[in-house]
Amino acid sequence: MTAVNQGPAGADLARSWVSPAVFSVAVVGLGYVGLPTALSLHQAGLRTIGIDLSAERLATIESGQADLTGDDQSRLDLALRDERFELTADPGRLAGADAVIVCVPTPLDRYLVPDLTPLRGACASLVAHAHRGQTLILTSTSFVGTTRQLLTEPLRERGLAAGEDVFVAFSPERIDPGNADHAQAATPRVVGGVTDACVVRARRILGLLAESVHVVGSAEAAELTKLYENSFRAVNIALANEFAEICQTLRLDPIEVTRAAATKPYGYLAFYPGPGVGGHCIPCDPHYLLWQLREFRNGAPLTTQAMALIATRPRRVVERAVAVLSDSGRGAASARVVVVGVAYKPGVRDLRESSALEIIEGLLDRGAKVDYYDPLVDRLTLPGGRVLDSVGDPRGGDWDLALVHTVHPGHSYDWVAECPLVLDATYRFEAASHRVFV
């Protein structure tokens, strides 16, 4: 059995809780979840260690150029001037923390199979550097049983029992990037521990991040909660897109219909149609559940169909663009098209899983000449390797068709109205009165 590091925190954890200034927490993974989490903990008075293996990411953060909302940008500016906020690529710093929160990505491979490489690596580092009295919290979305499989059982092999020697819990992240209306502190957190004692420790830390913490009976219940949340969203987005096409058939405005339905105070929750979904939540998370269910030879037909419809949505947008060009007598071959906005959602620079990339490639495959304009994304690389730069000073008359994909707040898009044809894939772009919908 491997010797267990006693660590600096195990001696007097109670004293640490009385005085947060002497309590230290490490955040593993400094992406769109980890960095705001680290900044919130630092603001709460904890000594904070931000760990990320990417030297490029650390340099971006240290330069103050990370993609953050206004409040988090202010927190970063303050943290970078405080010695109690440390940035490092050294996993060995985990041994010096009283608590560790894991916020690494959990993507899919090209076959829609979970890629657990980042999470397995992070958890292996946690286990290797764990010490008695430490609290370990996973937040990365994954299959049910991840916490026990990657933390609890390996820790037991090291001689560290969860709930006695160390405290292990799962609390799914609920950060909405680029949306100041859904602040992390105002969004309730769900937590499930391996034991009741684990919940007590984890809840204290999470209470520094959110005003409300909802406890469930196990880590597994917390893991499934996140998969349910994003499967729910996927199903309803697929339904919203379907109703948008129904509205087109019946010559009705889908946004008007959606807003009218949303006036009902019960039994309905508004979801809006769009060009596709992106980021590492909705396009990915339900597949963790579907992948796990294969082991039990148990299907989830509704979720499966919703994910299939979401996957084909960008192709549907391309088909509609071709049809709009054809109806105008232009045709797709050699047509000049500008895609307006390529980030996966408004207010962020994030291109992960953005449907704009597939849409651009689809239009190029049809022979169109495609440019893009995005004030937050200077350059992009398409899945096939082609690199495109954003148009610097767009003029609507330069293109035959403007395909509106993402509209960032605080920027002018009046020039789009000068385009002869405007395909509004957001369904809410009102700057061009002659727009048509997907």
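The values are calculated or read from the model by the stated rules, or taken from the named source; none is laboratory data. Every value quoted in this text rests on a predicted model; they were computed, and no experiment measured them. Quick reminder, even Gly has a Cβ in these numbers, built from the backbone with ideal geometry, and neighbours come from all protein chains shown.
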Which listed residue is crowded, with 19+ Cβ neighbours inside 10 Å and over 28 Å from the mean Cα position of the chain (by Cα), from Ala323, Ala335
Ala335
Would you mind telling me which numbered condition in (1) touching a Ser or Thr at 6+ places or on another chain (Cβ under 9 Å); (2) not polar (S, T, N, Q); (3) not assigned by TED's automatic domain parsing to the domain that holds Pro420 Leu269 fails?
(1)
Only one of these conditions is not met by Ala270: (1) in contact with a Lys or Arg (Cβ under 9 Å, 6 or more places away or on another chain); (2) crowded, with 16+ Cβ neighbours inside 10 Å. Which number is it?
(2)
Go through segment 293-316 and give me each residue that's modelled with pLDDT under 95 and either closer than 23 Å to Val407 by Cβ or polar (S, T, N, Q) (or both).
Asn298
Wholly enclosed strands (runs of 3 or more DSSP E) of segment 362-438 bearing at least 2 residues among the hydrophobic types (A, V, I, L, M, F, W, C), assigned by TED's automatic domain parsing to the domain that holds Asp350 and within 27 Å of Thr312 (Cα to Cα):
387-389, 401-404, 421-424
Does Arg189 satisfy being modelled with pLDDT of 95 or more, more than 27 Å from Pro301 (Cα to Cα) and out of contact with any Phe, Trp or Tyr (no Cβ under 8 Å at 6 or more places or on another chain)?
yes
Mind telling me which of the residues Val422, Val404, Val436 ends up being more than 27 Å from the chain's Cα centre (by Cα), at negative phi, surrounded by 22 or more Cβ atoms within 10 Å (Cβ to Cβ) and not small (Gly, Ala, Ser)?
Val422
The residue from Thr48, Thr69, Thr37, Thr88 that alone is hydroxyl-bearing (Ser, Thr, Tyr) and either closer than 20 Å to Thr147 by Cα or not assigned by TED's automatic domain parsing to the domain that holds Gly178 (or both) is Thr37
Hey, Glu173 hits all of (1) part of a helix (DSSP H, G or I); (2) within 19 Å of Cys281 (Cβ to Cβ); (3) of a type outside the set (Gly, Ala, Ser) but one; which does it fall short on?
(1)
Output the qualifying pairs, or none if there are none: Cβ atoms under 6 angstrom, residues six or more apart or on different chains, first residue in segment 121-147 and within 19 Å of Tyr32 (Cβ to Cβ), second residue of a type outside the set (Ser, Thr, Tyr) and part of a helix (DSSP H, G or I).
Ile137/Ala202; Ser140/Leu119; Thr141/Lys226; Thr141/Asp285
Within segment 175-209, which residues are touching a helix residue (DSSP H, G or I) at 6+ places or on another chain (Cβ under 7 Å) and either of a type in the set (Lys, Arg) or under 17 Å from Thr225 (Cα atoms) (or both)?
Ile175, Arg189, Val190, Val191, Gly192, Gly193, Val194, Arg204
